[in-house]
Amino acid sequence: MKFSESTNRKLLFRESNKKVSYSKKTLKEMPQLKIQCGKYGGLPFNYLMTDVVSGCLSVTRMCYGNCSAFEYWTDSGYDFGRRRVNILDLELFDESVRQLPADQKWLRQGWASDCSLSNESWELVALLAERLNQFGISLLIITKIWCYPSITVLKRLAKSKAEIRVSVSAFDSDKEIKKRLRLLEEYRDLCGISVMYIMSCIYDDNALNKNQDYLVHWTTNNDFIGAEHPLRLSFDNYALSVVSKNGFWHEKFPDQYWFGRILHNVPNFALPPPTCLTPSYSLNSRFFSELEHSSLKTYGNLPTFEDLKNNVKNHLIYSHATYNISKTQYDE
Ligand code: SF4
């Protein structure tokens, strides 16, 4: 089985991204945020930390043809592609950590960007992981590995017990997949916790379904721990032309099309997205075969494709936040 790249996919997203029209001239450079944690630090949940970078990919490159962080910042008058590394004031950061509930034992690094955008952002993440480790808190990083981190950074992250979830999908290019799978292996070899994070979907396209199968098999064959996040595509996304017509419009985001969870029968995909993790979450193994399954929580109420077909209503799935970055976090 092989992962295959199709130029048509790139064209699909290029078309989707092209339709986002705005005048760059009227948009401001992204603001620099002060890096803090939890609700005390202005985040909507205690398990969240400010991104190390403000902004991410430019409009012509944004993922899957729709990125809600891009939409949020563009609507707020900022140029998402003119990104900036955020500000670390250790006194402010430490105080926000001290204000976390005592049972919060992990923090997600960011929620509106990707920490892998430069060597500088990786260095900052390693520093934060080490700092949190001193408080007995581990970092959970979700990344598409735009820039590959140095071995030194990976070693520092592994030593600080940071979990790296590498976000992949059937739409990824061959080059991207090679880099992302390499990171999963390399980080685990360095004693880090590597998790395969598949953005899942049901496609109406053989090559894409085969790519997704390839990623699932790669995970199981190599004894990796996996997690699934159902992909959501906006109503005007050209990529809708290659997904199955049996999907559903999301209840909370009615302009977004999805399929719920489809990998629930694959044992390796045992981890839920961060929204469903308990404050005390921690992984006791780097290998799926050695995981103490009793310690794992389930996917909460994130519905399966069958649930959606059977119209099972489960409103906890909508507990994830809508972007709203507190103005107290940055100076204009
Ligand atoms: S990496 Fe994340 S934040 Fe950046 S463009 Fe892609 S979806 Fe948006």
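Each value in this text was obtained by applying a stated rule to the coordinates, not by laboratory testing. Nothing here was measured: the structure is a model prediction, and the numbers come from that model. Cβ sites come from the backbone with ideal geometry, for glycine too, and all protein chains shown count toward neighbours.
Using a cut-off of 28 Å between Cα atoms, the listed pairs Lys178/Lys245; Lys159/Lys179; Lys34/Lys161 include Lys178/Lys245 as exceeding that distance.
Using 0.36 nm times the number of residues separating Asn311 and Phe235, minus their current alpha carbon distance, what extension gain do you get? The Asn311-Phe235 span can extend by a further 25.3 nm. Our note on the geometry: Cα centres of region 163-180 and region 93-132, 22 Å apart.
Residues whose amide H lies under 5 Å from that of Thr304, counting only those 5 or more places away or on a different chain, are Arg261; hydrogens are built 1.01 Å from N in the peptide plane. Spin-label pair Asp89-Glu71: with each label point 7 Å from Cα along the Cα-Cβ axis, the two points sit 3.3 nm from one another. Divide the volume of the convex hull around the Cα atoms of the chain by the residue count and you get 128 Å³ per residue. For chymotrypsin sites (Phe, Trp or Tyr not before Pro), the sites in region 171-253 that DSSP calls loop and that have at most 14 other Cβ atoms within 10 Å are Phe235. The gain in end-to-end length when the Arg182 to Tyr214 segment is fully stretched comes to 10.0 nm, 0.36 nm per residue minus the alpha carbon separation.
Listed by chain and number, the aspartates and glutamates placed with their C-alpha closer than 13 angstrom to that of Lys105 are Glu163; residues fewer than eight positions away on the same chain are left out. Relative to one another, the C-alpha centroids of region 25-57 and region 221-293 are positioned 24 Å apart.
Each Lys and Arg contributes +1 and each Asp and Glu -1, all at the Cβ; summed about the Cα centre of region 24-321, the dipole is approximately 280 debye.
For Trp106, the residues whose amide H sits under 5 Å from its own are Ser138, ignoring neighbours fewer than 5 places away on the same chain, with H placed 1.01 Å from N. The label-point distance for Asn265 and Ser173, in a model that sets each label 7 Å from Cα toward Cβ, rounds to 3.5 nm. You can think of it this way: the chain between Ser289 and Leu190 has 33.8 nm of extra reach, that is 0.36 nm per residue less the Cα-Cα gap.
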